[in-house]
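Participant: Dropping a structure here in structure tokens format, bear with me for questions.
The values are calculated or read from the model by the stated rules, or taken from the named source; none is laboratory data. Since the structure is predicted, the reported quantities are computational estimates derived from the model, not experimental observations. Neighbour counts run over all protein chains shown; Cβ positions are idealised from the backbone, glycine included.
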Amino acid sequence: MVVDSEVHLQGPRRREDHQECDRPTTPATRAGRHDAVTAEDEKTLADVYPTLNPAAIQRKIQALTARLLTLTTAKARATPKPPAERPYAAGPATPDARAS
């Protein structure tokens with residue numbers, strides 16, 4: 001028999017020594033914190049970042065991808081190349097030219 005005090009609530013299990021995670025950051029923020037980024041790079045990033053529109057960028061990528069697909073599928077199939085001639089073959093081998 002289970003006593004009410006022994007009943008455990010269902011839910012996610014948590015470890016007692018649970019560590020806090022870092023706050024999520026954008027790629028632009030992580031790039032700005034990198035050691036190789038100069039102050040001039042940070043200023044450029046700070047100027048450009050607010051003007052970016054992720055939805056517009058995605059639409060542009062999709063349009064370019066569709067155009068590329070159209071160009072590649074509309075192109076006529078390439079004709080196969082004739083077999084390359086062997087540099088060591090002087091001409092057709094005849095039975096009398098072969099070593100016996």
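Participant: I'm trying to understand the selection: among the residues of segment 31-44, which are at pLDDT 90 or above, surrounded by 10 or more Cβ atoms within 10 Å (Cβ to Cβ) and not in a loop (DSSP other than H, G, I, E, B)?
Facilitator: Answer for segment 31-44, where residues must be at pLDDT 90 or above, surrounded by 10 or more Cβ atoms within 10 Å (Cβ to Cβ) and not in a loop (DSSP other than H, G, I, E, B): Asp41, Glu42, Lys43, Thr44.
Participant: Can you tell me how many residues within segment 36-70 are within 22 Å of the chain's Cα centre (by Cα) and farther than 18 Å from Thr26 by Cβ?
Facilitator: 12
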